[in-house]
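Working notes, beginning with the structure itself.
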Amino acid sequence: MSTLAERLKRARESLGLTQEAVERATGIGTSSLSEFECGKREPRLAQLRLLADCYRRPLSYFLRKDEPKPQPVMWCKFPDG
């Protein structure tokens, strides 16, 4: 089972975002983001909501106890190439 810290890091990295980009988008400092992702501390609910919006994930993705299912990529048609 993944932890909140692992889910936060995985969500950020899946979008190719740096902690600096997340800081600019949310106003949450990079030192706090680093501590959240290392499991040193947990974000407040208001901070978690900002991160969920930034990472385009439902808040439940971070709060659920069971492992979230991977989100498949859906295509209307196959990409060229």
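The values are calculated or read from the model by the stated rules, or taken from the named source; none is laboratory data. Everything numeric in this text was worked out from a predicted model, so none of it was measured. Cβ coordinates were reconstructed from backbone atoms using ideal geometry, including for glycine residues, and neighbour counts include every protein chain displayed. For accessibility, only protein heavy atoms count, side chains too; no ligands or nucleic acids. Shrake-Rupley method; radii C 1.70, N 1.55, O 1.52, S 1.80 Å.
The set of residues in the stretch 47-68 that are open to solvent by 40 Å² or more (accessible area, probe 1.4 Å), closer than 14 Å to A25 by Cα and either small (G, A, S) or assigned to a helix (DSSP H, G or I) (or both) comprises R49, L50, D53.
If you filter the stretch 18-62 down to residues that are small (G, A, S) and touching a helix residue (DSSP H, G or I) at 6+ places or on another chain (Cβ under 8 Å), you find that the one that is modelled with the lowest pLDDT is G39. Selection of the stretch 18-45 for residues being of a type in the set (D, E) and either open to solvent by less than 40 Å² (accessible area, probe 1.4 Å) or in contact with a His (Cβ under 9 Å, 6 or more places away or on another chain) (or both) yields only E37. Scanning the stretch 1-34 for residues that are under 12 Å from F62 (Cβ atoms) and assigned to a helix (DSSP H, G or I) yields L4, A5, E6, R7, L8, K9, R10, A11, R12. For the stretch 1-17, filtering for residues that are open to solvent by 40 Å² or more (accessible area, probe 1.4 Å), over 17 Å from R64 (Cβ atoms) and touching a helix residue (DSSP H, G or I) at 6+ places or on another chain (Cβ under 9 Å) leaves 2.
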